[in-house]
């Protein structure tokens, strides 16, 4: 299946609108919409439309700088949402303390994001989006579903326990593969494939959100022996890890290598004294 011309044009209009909304205010929804739309545009230009020209490369570079700043804000938004949803009786004061820390960090990164959203940069991106839209309209795109499956095949399904590093790789690739598949014409095959990717993306992304929050809490409050709240977060994260591994193992979109053994999980061994370094592969979504 090729790509739908209307969808590749639509992503440029959505990107322009998302950038404008972000410049007006850095609320959680506007930050999230900017990042997801940016990833869709990036996937189109890097994975589906061949031979990017200078304008398209410059456009992606400008957007990437903003996306990285927006990513800092988005990470804190998802941590705040996860912390608010945590219903545990342990250490209510420390939960409140951690909430205030996250809010303060968000304000700090929001100011940095706002600083680079200047009028000159926005105008330049607007012009380059219009030019790139015209260029892509005339270009011959590749097959969207083939591109998505090729992206998934680049991550080798491991034999033995699944590690955090492997899940981080899938978190990025599955997200981009889904965005690529969404450019394909509507069909039963495409709809089922996208739905499978979405389920896997949700499971792995949910684990990553809790892992990020757990590591932040450990840095701020101490290890599991020092804080029952951190211990509770570790328990939630381990549960989310097992769920993500189960979703990965069950997903028909992930190809099994000929020598691969059935997937088993290797639970997170993160601690407050040496928190896991989060892989910033997608600084995505």
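Per-residue ellipticity at 222 nm computed for the chain from its helices equals -24000 deg cm²/dmol, with DSSP H segments shorter than 4 residues left out and the rest contributing -39,500 (n - 2.57). Exposure proxy ranking for 49, 125, based on other Cβ atoms within 10 angstrom of each Cβ and starting from the fewest, stands as 125, 49. In the range 118-236, Cα pairs under 8 Å separated by at least six residues give a relative contact order of 19 percent. Placing a pseudo-label 7 Å from each Cα along the Cα-to-Cβ vector at residue 243 and residue 57 gives an inter-label distance of 4.3 nm. The largest-to-smallest principal axis extents of the Cα set in the range 40-112 are 56, 25, 9 Å. Centre-to-centre separation between the Cα atoms of the range 183-237 and those of the range 66-113: 15 Å. Histogrammed with a bin width of 5 Å, the alpha carbon distances of the range 1-141 distribute as 2, 9, 19, 19, 15, 11, 9, 7, 5, 3, 2, 0 percent, first bin at zero.
Percent of C-alpha pairs per 5 Å bin in the chain, short distances first: 1, 6, 12, 14, 15, 15, 14, 11, 7, 4, 1, 0, 0. Packing-based ranking of 87-98, 31-42 yields 31-42, 87-98, ordered from highest to lowest mean Cβ neighbour count within 10 Å.
With bins 10 Å wide beginning at 0, the percent of Cα pairs of the range 1-51 falling in each bin runs 26, 47, 22, 5.
Every number in this text was worked out from the coordinates using simple rules, so none of it is lab data. What you see is a predicted model; the values in this text were computed from it and never measured. Neighbour counts run over all protein chains shown; Cβ positions are idealised from the backbone, glycine included.
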